[in-house]
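Please treat every number below as a calculation from the coordinates, not as lab data. What you see is a predicted model; the values in this text were computed from it and never measured. Note: ideal-geometry Cβ built from the backbone for every residue, glycine included; neighbour counts use all protein chains shown.
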Amino acid sequence: MEATANPLTRAAGAFPARAELALSMAGRLVGAALALGIAFDQSYDRTEVFAPLVALIALASCIPAPRGVAGWVAGGGSGVVFYAGMVFTHLGAGVAMAVAGAAAGAAAIAWNSRTGGTWPAAIGFLAAAGLVGGAMLGIFFTVEG
């Protein structure tokens, strides 16, 4: 009797690897653009620091990385977009960021399942919550108003 693959693994394999990578990159780029839009739209000083930082991290995660860390970087960048979007859910652009980050994260995990397993991208996505939280705390205690 042959073992049946996990349904999520089969779903990840249903899409071309390049499409998964492209969706992950596109989600992070869209998230960065939305974060910059929020920074320019809002006059709250802490938001004007936090949103561009999120955009910078999302853009940096799109730079090609070595094979061993690419999943961690893609998952982390996707997670930063998602969790920052959750912070901004009171804005329409924040909701769009959360959706873009979730799509980018799912695509990064699916893409990474072909190369290094799903764990690096998934753990990178989850670890981004700590990165976003740490950035928020740092900004809260150092930026006035």
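What to note about this one:
- Residues of region 19-60 that turn out to be among the basic types (Lys, Arg) and touching a Phe, Trp or Tyr at 6+ places or on another chain (Cβ under 8 Å), as a count: 1
- Selection status of residue 33, without any contact (Cβ under 8 Å) to a residue 24 or more places away in the chain, in contact with a helix residue (DSSP H, G or I) (Cβ under 8 Å, 6 or more places away or on another chain) and at negative phi: yes
- Counting only residues that are in contact with a helix residue (DSSP H, G or I) (Cβ under 6 Å, 6 or more places away or on another chain) and among the β-branched types (Val, Ile, Thr), region 48-106 holds 6 of them.
- The residues of region 72-90 that are surrounded by fewer than 24 Cβ atoms within 10 Å (Cβ to Cβ) and closer than 15 Å to residue 22 by Cα amount to a single one, 73.
- Of all the residues in region 19-44, those that are β-branched (Val, Ile, Thr) and under 11 Å from the mean Cα position of the chain (by Cα) number 1.
- Taking first residues from region 66-92 that are touching a residue at least 40 places away in the same chain (Cβ under 8 Å) and partners that are basic (Lys, Arg) and in a helix (DSSP H, G or I), the Cβ contacts under 8 Å between residues at least 6 apart in sequence or on separate chains come to 74/28; 77/28; 78/28; 81/28.
- Filtered by the rule that a residue be in contact with a helix residue (DSSP H, G or I) (Cβ under 9 Å, 6 or more places away or on another chain) and closer than 12 Å to residue 84 by Cα, region 131-142 gives 131, 132, 133, 135, 136.
- Flag for residue 12 being within 21 Å of residue 124 (Cα to Cα), within 15 Å of the chain's Cα centre (by Cα) and either hydroxyl-bearing (Ser, Thr, Tyr) or not in a loop (DSSP other than H, G, I, E, B) (or both): no
- Subset of region 36-65 [touching a residue at least 60 places away in the same chain (Cβ under 8 Å) and not acidic (Asp, Glu)]: 44, 46, 49, 50, 53, 54, 57
- Among all positions in region 91-111, there is at least one residue which is under 19 Å from residue 14 (Cβ atoms) and either of a type in the set (Val, Ile, Thr) or surrounded by fewer than 17 Cβ atoms within 10 Å (Cβ to Cβ) (or both).
- Failed criterion for residue 50 (all others in (1) buried (at least 20 other Cβ atoms within 10 Å of the Cβ); (2) of a type outside the set (Ser, Thr, Tyr); (3) closer than 22 Å to residue 15 by Cβ hold): (3)
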